[in-house]
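So the structure is just underneath, and the comments pick up after that.
We did not get these values from a lab; they are worked out from the coordinates using the rules stated. No experiment lies behind these values; they were computed from the predicted model shown. When we count neighbours, we look across all protein chains shown, and the Cβ atoms used for this are built from the backbone with ideal geometry, even at glycine.
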Amino acid sequence: MKTLKNLFLGTALTLAGCEFGNNLEYHFNGKIGEEQVNFYEADFGRFNILEIVKVDGNRVQYTDSDNDLELNWIFYEKSNRQYFFEPYESSKDTLFQKVQKQFDDYLKKIKLENLK
């Protein structure tokens, strides 16, 4: 009975790890250069959130809400003012293309940091 319980527990933990850790290679909370960078998953891995606190105190939060590493919205805080952006229906929105590239660049930096 003990073996069966251990087998069940091990399987449950493995499945939970898969569900909660879709993008483990990007999980990070620390400094990259002078910026504070935090990538984490929320809502059982459904949301990927990347938070950046710049040297000047401005904060950007990139959010991917369907776990494909394509941004769905951006929250930006500058000088105690808050801004929220979503892409237009057209994926050719140049602002969002620029921000998606920034997001992708941070993911590359995180992967490099995690390899150290």
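For residue 78, a cut-off of 18 angstrom between C-alpha atoms picks up these aspartates and glutamates, skipping any fewer than 8 places away in its own chain: 34, 35, 51, 56, 86. Our analysis of the stretch 32-116 gives Rg over Rh at 0.96, with the two radii drawn from alpha carbon positions and Rh computed by the Kirkwood formula. Of the trypsin sites (Lys or Arg not before Pro) found in the stretch 30-74, those that fall in a DSSP loop while having at most 16 other beta-carbon atoms within 10 Å are 46, 54.
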